[in-house]
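The structure appears below as structure tokens.
Quick note: the coordinates plus some simple rules give every number you see, no bench work behind them. Predicted model, so just to flag it, every value in this text is computed and none were measured. All Cβ positions, glycine included, derive from the backbone under ideal geometry; neighbour counts span all protein chains shown.
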Amino acid sequence: MTMGPVEYVVLGFPGNSFNGSVAPALAKLIESNTIRLLDLLFVGKDDEGNVLVIEYDELEELAAFAGLEGEAGGIISDADVAHAAEALKPGSSAALLIWEDVWATDFAVAVRESGGVIVEGARVPHEIVEAVFADLPAAV
């Protein structure tokens, strides 16, 4: 099976402020064939610190995710949930997403076919990028 790189993202929402408004932007990425959603799960901690696993069809606030195309589900494990929950403070929530970067499939196949491997990679937080660009001299 030809597949692009697969990545995971844990989006934290302090104070359980998650309201589903990211769903349209995610749907746009799916519809434009930029990504293919493989799994999606919501995790929260109540005020006592108990971990809650929430499917998108269990809360009205998450209904916007019900129509997303491509979710296979079953990829996010209990260990993944535990890992994400460790970072959550009581009264907070997170969305766990796993997707294929469809846009990078041709590049990924070329790397694999040439015997290349990813040695390292990371997502640079927006705050760091913003600070670096703020310190650069203005373009001429």
| remark: Just one listed residue, out of 78, 135, 101, is of a type outside the set (Ser, Thr, Tyr) and within 14 Å of the chain's Cα centre (by Cα), and it is 101
| note | So, first residue touching a residue at least 12 places away in the same chain (Cβ under 8 Å) and of a type outside the set (A, V, I, L, M) in the stretch 92-116, second residue surrounded by fewer than 18 Cβ atoms within 10 Å (Cβ to Cβ) and part of a helix (DSSP H, G or I), Cβ within less than 7 Å, six or more apart or across chains; the pairs are 92/14; 92/15; 92/16; 93/16
| message | If I filter the stretch 119-132 down to residues being under 20 Å from the mean Cα position of the chain (by Cα) and not in a helix (DSSP H, G or I), which single residue comes out as farthest from residue 10 (Cα to Cα)? | response | 120
| query | In the stretch 69-120, how many residues are touching a helix residue (DSSP H, G or I) at 6+ places or on another chain (Cβ under 7 Å) and at positive phi? | reply | 2
